[in-house]
Structure formats: structure tokens, C-alpha cells
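Only the coordinates and a few stated rules stand behind these numbers; no lab work does. Remember, it's a predicted structure, so these values are computed and weren't measured experimentally. Positions of Cβ are generated from backbone atoms using ideal geometry, with glycine treated the same way; all protein chains shown enter the neighbour counts.
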Amino acid sequence: MDSNTNAKWFPVLVQRAGFPLLLGVYAIGLYLMPALGVPLLLGAGVLGFFIEKRLPYHSRWQGIKDDSRLDGAFTVLTMIVSVAVKGGLTLVLAHLSFELRFWPALPLPLSILLALIVSSFGPYVLHRASHEWSDVLWQIHAVHHAPERVYSLNAMRAHPLNAAWNVIAGLGPLLLLGADSQTILIAGGLNNFFSIFNHMNINFRNPLLSVLLNTAELHRWHHSARREYGDSNYSSGALTFWDHAFGTWKLPVQKFAWQDAGLYSGKTFPSQSLSRQLLRPLCRCA
Ligand SMILES: [Zn+2]
Ligand SMILES: [Zn+2]
């Protein structure tokens with residue numbers, strides 16, 4: 001085998017096996033140490049960041065650009081809001097003794113699967129409402145679609161209200177139904193893993209996995225500025241379950257064109273201003 005053959009063989013192996021391998025290692029780590037979900041996710045994210053540099057889906061989407069500063073600012077806001085809302089929701093429900101305890105006694109893998117399905121229903125409905133049914137929600141959610149590329153720092157680029165409703169709609173039902181803490185930690189960790197990796201600008205190719213799992217291959221079509229693709233694939237956690245249930249799953253065979261990412265109603269959106277994007281739902285001060 002000459003060096004040229006080797007040079008082609010390795011990227012193909014990473015394209016095909018890299019994502020299942022990363023997911024498997026992360027899932028095993030989460031199963032063995034569910035309380036260490038955040039450091040495990042950070043480790044996986046840093047690894048993904050390096051793979052993104054070596055095996056990009058689009059080289060034009062790489063690197064630090066004008067939008068990176070805003071992506072970083074929204075990422076910090078999202079992390080603060082998510083932690084605060086998770087803590088607040090848990091405390092409020094514990095204080096109100098509001099657990100219904102309807103969660104069925106299942107083996108852990110089935111309990112996690114059920115939690116992944118239950119926790120993704122509310123975010124799916126709100127996400128779809130943002131795109132198709134409510135202009136107010138769209139003005140909030142448009143923050144996530146403003147960048148004209150899909151890469152790692154897009155993952156947590158969201159309006160604080162969008163970040164808050166995703167936590168409440170995802171975690172709330174699990175707490176209310178009385179799911180056990182191991183199920184909640186592992187399902188939450190898997191949802192977070194997918195919501196980060198499905199924005200990575202990595203040329204992983206796993207079309208069969210994308211039928212069931214919310215991969216980057218699938219989710220980047222949701223960032224299309226062409227409405228026939230942007231208004232599909234609303235799943236934001238690990239599974240594509242509700243997209244199949246409601247007929248919004250879509251995986252075109254062609255390559256996603258680098259210039260097709262962004263807003264389909266972007267002409268008046270204040271894409272360069274943090275304060276105007278934050279205030280956008282209250283006033284159209286673009
Ligand atoms: Zn969206
Ligand atoms: Zn996205």
C-alpha cells in the first residue's frame with residue numbers, strides 16, 4: 001500500500017467510523033459516570049473541534065470569522081441560562097412536591113429511550129411553532145439561524161428565551177413524571193451531545209444512522225436558507241422520532257451548498273448586533 005493510498009484511506013475511515021466511535025465512547029462514559037456528564041461532554045466537544053479543523057464538511061465554514069464573537073457571546077449566555085433554568089426548575093418542582101411519579105419501572109436502556117422520546121416532544125413542538133406558526137417565536141429563534149455557516153459555535157447560539165424554553169420543555173416532563181436521576185442524567189447527556197455534534201462542520205457520513213439519530217448530516221439541512229429544507233428536521237436532541245411521527249424528516253442526497261446556510265427572512269434581521277437580537281422579540285429595532 002503506497003503512501004497516497006494511506007492518505008485517502010484514513011479520512012474515509014474517520015468519515016464512516018468517527019461519529020459512531022465518538023458516540024459509543026461518550027455513551028459508555030456517561031453510563032459508567034453519569035454525574036460526570038459535563039466534563040465528558042466538554043472533552044468530546046474539544047475533540048470534535050479538532051476533527052472539525054482536519055475533516056471539514058465545507059472549508060469555507062472553517063475558522064474565526066466576523067460572526068464568531070457573537071456566537072461566543074450567545075454560547076456563554078446559553079450556558080448560564082441553561083444551568084440557571086435547570087436548577088430553578090428542579091428546586092421549584094421539589095418545593096411544590098409536584099412529582100406525579102408516573103414513570104414506569106423499566107430496565108435502564110428502555111427508560112433512557114423513553115426519556116429521549118418524552119424530552120424531545122416539547123422542544124419539537126416549540127421549534128416547529130417557531131418556524132411555521134408564530135412570528136414572535138421566529139424572531140426569538142432566528143438568532144440560531146442567523147449565521148451563514150454551520151459549525152461548532154452555532155450549537156449554543158440561541159436567544160436566552162429559546163434556551164430557557166428548551167430546558168423547561170425537555171427536562172420539565174421528566175421531572176414531573178418522576179423519572180429517576182440516572183435516566184435523566186444519561187438522556188440529558190445524550191441530548192446535549194447530539195445538539196452540539198449536529199452543528200459540527202465535520203464531514204462524517206452516516207446516512208443510515210441519520211434515519212434514527214439527529215446527526216450533523218441531517219441537521220445542517222435545517223440551517224438551509226431554502227425554506228423547503230429549513231422547515232424540516234426540527235428534532236434538537238438525540239432522536240429523530242418526532243420528525244418521523246409528524247412527517248418532517250428530510251435527508252436530501254445532494255451536498256449542502258456552503259452558501260445556502262442562513263436566514264430565509266434575513267434582510268432586516270440585525271445579524272451583527274447582540275443587543276438588537278436580544279431585544280428583537282420586544283421591538284423591531286433593526
Ligand atoms: Zn430552527
Ligand atoms: Zn441548529
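Tabulated data for the structure shown
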quantity	calculated
Dipole magnitude of segment 130-235 about its Cα centre (Cβ charges: Lys, Arg +1; Asp, Glu -1), debye to nearest 20	280 debye
Relative contact order computed over segment 3-279 (Cα-Cα under 8 Å; 6+ residues apart), in percent	25 percent
Residues whose placed amide H lies under 5 Å from that of ILE202, excluding near-sequence neighbours	TYR57
Segment 3-279, dipole about Cα centre (Lys/Arg Cβ +1, Asp/Glu Cβ -1), debye to the nearest 20	660 debye
Distance violations [Cα-Cα > 32 Å] among LYS8/LYS267; LYS86/LYS255; LYS8/LYS65	LYS8/LYS267; LYS86/LYS255
For LEU213, distant residues with modelled amide H under 5 Å away	THR240
Kyte-Doolittle mean at least -0.5 and Cα axial length at least 27 Å: DSSP H helices in the chain	3-32, 68-96, 108-132
Placed amide H near ALA225: partners under 5 Å, 5+ positions off or other chain	ALA261, GLY262
Packing rank of 145-153, 250-258, 202-210, where each peptide gets the mean count of other beta carbons within 10 Å, highest leading	145-153, 202-210, 250-258
From phi via Karplus (6.51, -1.76, 1.60), per-residue ³J(HN,Hα) for segment 223-231 in Hz, x at Gly/Pro	8, 6, 7, 8, 4, 5, 9, x, 8
Translational diffusion coefficient (Stokes-Einstein; Kirkwood radius from C-alpha pairs) of segment 3-279 at 25 °C, 0.890 mPa s, in µm²/s	127 µm²/s
Peptide ranges 181-194, 75-88 listed from the most packed, as the mean C-beta count within 10 angstrom indicates	181-194, 75-88
